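The values are calculated or read from the model by the stated rules, or taken from the named source; none is laboratory data. The structure presented is a predicted model; accordingly, all values stated were derived computationally and were not measured. Neighbour counts are summed over all protein chains in view; Cβ atoms, including those assigned to glycine, are modelled from backbone coordinates with ideal geometry. Only protein heavy atoms, including side chains, enter the accessible area calculation; ligands, DNA and RNA are left aside. Shrake-Rupley method; radii C 1.70, N 1.55, O 1.52, S 1.80 Å.
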Amino acid sequence: GTPPGVCRGLDAGNSHVKIGSLVDAMAAVSRVATEDFVPDALLRRLCEVAATTLDVDGAGVMAADGTRARFVHADGPLVRRAEMLQGLLRQGPCGDAIRTAEPVVVADLQAESRWPRFTAAALTDGLRALVAMPLISRGMVWGTLDLYRREPGSWSSEELAAAAMLADLAVSYLVMASDRDTARAAERALVHRSTHDLLTGLPNRGLFFDRLEHALAGAHRRGEEVLVLFIDLDRFKLINDTWGHAAGDAVLTEVAARLAGTLREGDTLARLAGDEFVLLCENIPREPAAVVDVTAQTVAGRLQQVLAPPIAHEGIELTVSASIGLAVASGRQSAEELLHEADAAMYAAKASGRGRVVPHRQNTTMARRSEQELAQSLAAALDAGELELYYQPIMSAAEIDRIEAVESLLRWNHPRLGVLPADAFVSLAEQTGMLPRIGHWVLDQACAQLEAWQHQLGPEAPRTLFCNLSPHELADPSLGTILSRTLETHHLEPGRLGLEIVEKSFSDPLLVTSLTDYQRRGHPLSIDDFGTGYSSLSRLIQLPVRYAKIDQTFVAGLPDDDRCRALVAAVLVLAENLDLQIIAEGVENPEQAAHLIAAGCPLLQGHHLAEPMPAEQVTAQLSARRPLTSTH
């Protein structure tokens, strides 16, 4: 689209425009168009060839942004200022050319009154004459080619025709680029729609299978495991039937977002159909079945935790839970076989009461043999001195280098597998009847260490040492006698030995009775994983608990996650009213620590402050009274 009124004739004899130079200039613009160019790159080249081909002192190009001009490029600092000023002022010859789709030709800026601020600045810079040639195609303006001279004077028809030719050529390529980009965007959208779920944006079944097959092939080469979790929402049909499909869609979208927020780099979360989601976790080290189970259960537990808070939709709160089936690749299962195993485990989870996590055993004989070997090793571990206690300090927020208390953590120095955390073998100890003996040993070792710290450090010794008790141990009627005898042996008051219990223990009235008795004896009670077990508030009020640990799932979202900030703030308010001391566990970085301290959390625990460590390292830290550093 050549602007109306622009002469198309070029007089090679009398014009300042050289035909050969103009052809070279057009060829230079065309060469850019042969590449996979972006529009601004073409406009920059147009500016450069116009400045060197036409009889001007400088050139610039602007892109149209609606009816406004956006600066792209200029030849020389004076022209750059003139062009950029028009964009800032939203006035000038470029903007007029874009709005009117007509060339703006000025022979002498001193006689120009349409753009007073621009004109004054251009004259100050020594610019006197200009042309703003619009780039027009398909009935719209794509930008302008702007020419400047220092001397006043008319622009010949040949000069205007040459500028229009360059503009026409450039805009034709801009249109081609626009069509190309539109086609590419449509292709990308089509590919995305064919591989992703339209509602949630997650990968669909086809893309998930591609990634699962690739993961299985890579894991076989590297000697790793592949973990698949089949996630099915419980009673989702009831939400659709009661509140309508719009509510159901809102739930699915929020569930997808929450689950996606738990992913590691490289994990794949997909929506298979309806309320069925599936998670692929790669790069799982090949370990004994019991150790891999801990990893799988940890991942599944994290998924259940993020689904627990109600989902708000149009003034109502909808609560969802999920049944999760786990399957770990061992051998050469196909993607279909592994997903089928996870699916079967999910149905077993639903059959066991919903909201459960159930693993699938690919090879029951092999899994049982692995557990039997681990159980036999565990039976001899205590006598062989392979079990030991690590201690993780709990720091005072008021004086961050001061150890207020410590938590004892059981470790197994397995001769072949290395140091195993308690989660890898405590359930096995419970199944084989070894837990009471191990638990008694833990209490004795912890109290012996606390007694040693009292003798060595005096007032610098931790005020409280917490020992974790399982519901199975709490139900043991001999525990009270064991506690009394152990305290007497090590000359300790009950107030120095805290008992830490997971929150779900408070749902059992018989266990609550035992806990009340231990509190009356003087033991400080601490709730672990507070906020994940949904204790009745009335139950919490009835039981005189002194400490509560904010679960690390909520701490992990600080300080950026709005929900986590709100939950932590609410817990702190509740704790103040109930006279509870709150411990924030899982503090992994200085930003989390700073937020918790500012929010008024009195006690902090986590790897940022101190990792679990052997007793002698804690002793050294207590003696030095210097800020703790993590040990690896």
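Heavy-atom accessible surface of the chain, averaged per residue, reaches 46 Å², computed with a 1.4 Å probe.
Each principal axis of the Cα cloud of region 89-231 was evaluated for its coordinate range; sorted largest first, these ranges are 79, 31, 30 Å.
Suppose R0 equals 25 Å. What FRET efficiency, 1/(1 + (r/R0)^6) with r the Cβ-Cβ distance, do HIS491 and GLN617 give to the nearest 0.05?
The calculated FRET efficiency here is 0.55.
Helix 562-578 and the longest principal axis of the C-alpha atoms of the chain enclose an angle of approximately 40°.
Rounded to the nearest 20, the Cβ-based charge dipole of the chain about its Cα centre (Lys and Arg +1, Asp and Glu -1) stands at 660 debye. Round to a whole number: what % of the accessible area of region 252-321 belongs to carbon and sulfur, probe 1.4 Å? Heavy-atom surface of region 252-321 belonging to carbon and sulfur, 1.4 Å probe: 51 percent. Projecting the Cα atoms of GLN431, VAL191, GLN297 onto the charge dipole of the chain, computed from C-beta unit charges around the Cα centre, puts VAL191 farthest toward the positive end.
Considering every alpha-carbon pair of the chain, the percent of pairs per 10 Å bin, from zero through the bin containing the longest distance, is 3, 13, 17, 16, 12, 10, 10, 10, 7, 3, 1, 0.
In a simple Cβ point-charge model (Lys, Arg +1; Asp, Glu -1; nothing else charged), region 350-501 has a dipole of about 880 debye relative to its Cα centre.
For the chain, the longest principal axis of the Cα atoms and the long axis of helix 364-381 meet at an angle of about 60 degrees. Charge dipole of region 395-437 (Cα centre as origin; +1 on each Lys and Arg Cβ, -1 on each Asp and Glu Cβ, all else neutral): 340 debye, rounded to the nearest 20. Rounded to the nearest 5, what % of DSSP beta bridges with both residues in the chain are antiparallel? The antiparallel proportion sits near 70 percent. Under the rule of -39500 (n - 2.57) per DSSP H run of 4 or more residues, summed and divided by the residues of the chain, what mean residue ellipticity at 222 nm is obtained, to the nearest 500 deg cm²/dmol? Dividing the helical sum by the residues of the chain leaves -15000 deg cm²/dmol.
With the charge dipole of the chain set up from +1 on Lys and Arg Cβ and -1 on Asp and Glu Cβ about the Cα centre, the Cα lying farthest toward the positive end among the listed residues LEU233, HIS214, SER172 is that of SER172. Against the chain, whose longest principal axis comes from its Cα atoms, helix 590-599 is set at around 70 degrees.
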